[in-house]
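Chemist: The structure that follows is given in the form of structure tokens.
Only the coordinates and a few stated rules stand behind these numbers; no lab work does. All figures in this text were calculated on a predicted structure; none of them were measured in a lab. We place every Cβ from the backbone using ideal geometry, glycine too, and count neighbours over all the protein chains shown.
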Amino acid sequence: MKIDRLIGILSVLLQKEAVTAPYLAEKFEVSRRTIGRDIEALCKAGIPIVTRQGANGGISIMENYKIDRTLFTNKKLLDILAGLRSLDSVNGTNRYGRLMEKLSAGSSDFMVGNQSVLIDLSSWYKDSLAPKIELIRSAIDGNLRLQFLYFSPKGESCRRIEPYYLIFRWSSWYVWGWCMEREEFRLFKLNRMERLSLPGDTFERRYVPRPDLSNERIFPGGIRVKALFDADCKWRLVEEFGTGCFEEQSDGRLLFHADYTDRENLIVWLMTFRERVVLLEPEDVREEMRLILNAMVKRYTR
């Protein structure tokens, strides 16, 4: 991807006095013309790069430009590697690991397995997510509209979007883009997207506001939950809500308080605790759970 290559070229220029276009083209496995466009992009980004012809010529960063040429220390490169390897965990390749080998530019201890941070973003849906992520990245890089079938609580619908951001949040992957059907920016969950395709038409990039991914914006809450859990549920409550979500009672049970977002999800979540929880409030959700449980008893009694 272009941004990966630009980071790589900048790293090489920071660590070497001068390099040639053929050297960069061979190192990053692209044409000299592509390297020329990359150098132009770096210049537009504010990096003063100069090129000199002749035997002692080459591409370099302007000498009197005050830039820390140790910008990518080994420690910083290791942090970058941890992030890029996390992307390798998504698509099952070693593409970014190979990129970091190129970025190391002769460092003796960078690639010897002394990384202390390992991030794995893969999931049970890795096989289906990897091709979706690759297709969406191609669409974003090429300003190509994306078409897909989307499954939501309100039903199925065919959507066409202008994709701008690929986002990993709340342990899931999303794409943020301009929905042509709704005529507004929307967030789409990749696991709910099927039949992804590129119709072939391009779009002019809009002004894109950064997506507001705060929990309050996406999950507005509004359901005040009060429940009593058995003591052996403590580990799950701590994992999912933190230690401040409950008060230990004299009998060892846990009085739970929290704001919940979605009524249906709340009921499903409580059901996973089986008989080890009693919902106290809200009363209408408690009544709905009672009706559901009665219906289940009838079905299993048959």
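Chemist: Checking the a/c ratio against 1.5 first, then a/b against b/c, what shape does the Cα gyration tensor give for the range 223-301?
Modeler: Prolate shape, in that a/c is at least 1.5 and a/b is the bigger ratio.
Chemist: Residues with beta-carbon under 9 Å from that of F256, excluding F256: net charge, scoring Lys, Arg +1 and Asp, Glu -1?
Modeler: 0
Chemist: I've got another one for you. What is the packing order of peptides 205-211, 157-163, taking the mean over residues of other C-beta atoms within 10 Å and listing the highest first?
Modeler: 157-163, 205-211
Chemist: Net charge near Y23: determine it from the other residues with C-beta under 11 Å of the C-beta of Y23, scoring Lys and Arg +1 and Asp and Glu -1.
Modeler: Net local charge, Y23 excluded: +2.
Chemist: Once fully extended, how much extra length lies between R276 and E194, figured as 0.36 nm per residue of separation less the alpha-carbon to alpha-carbon distance?
Modeler: 25.8 nm
Chemist: Right, another one. Calculate, in whole percent, how much of the Cα-Cα pair population of the range 126-216 lies beyond 23 Å.
Modeler: Beyond 23 Å sits 17 percent of the P(r) for the range 126-216.
Chemist: Tally Lys/Arg at +1 and Asp/Glu at -1 over every other residue whose Cβ is under 13 Å from the Cβ of R192; what's the total?
Modeler: Charge balance in the 13 Å sphere: +4.
Chemist: List the GluC sites (Glu not before Pro) within the range 1-53 that DSSP assigns to loop and that have no more than 14 neighbouring Cβ atoms inside 10 Å.
Modeler: Loop-located and lightly packed - E17, E29.
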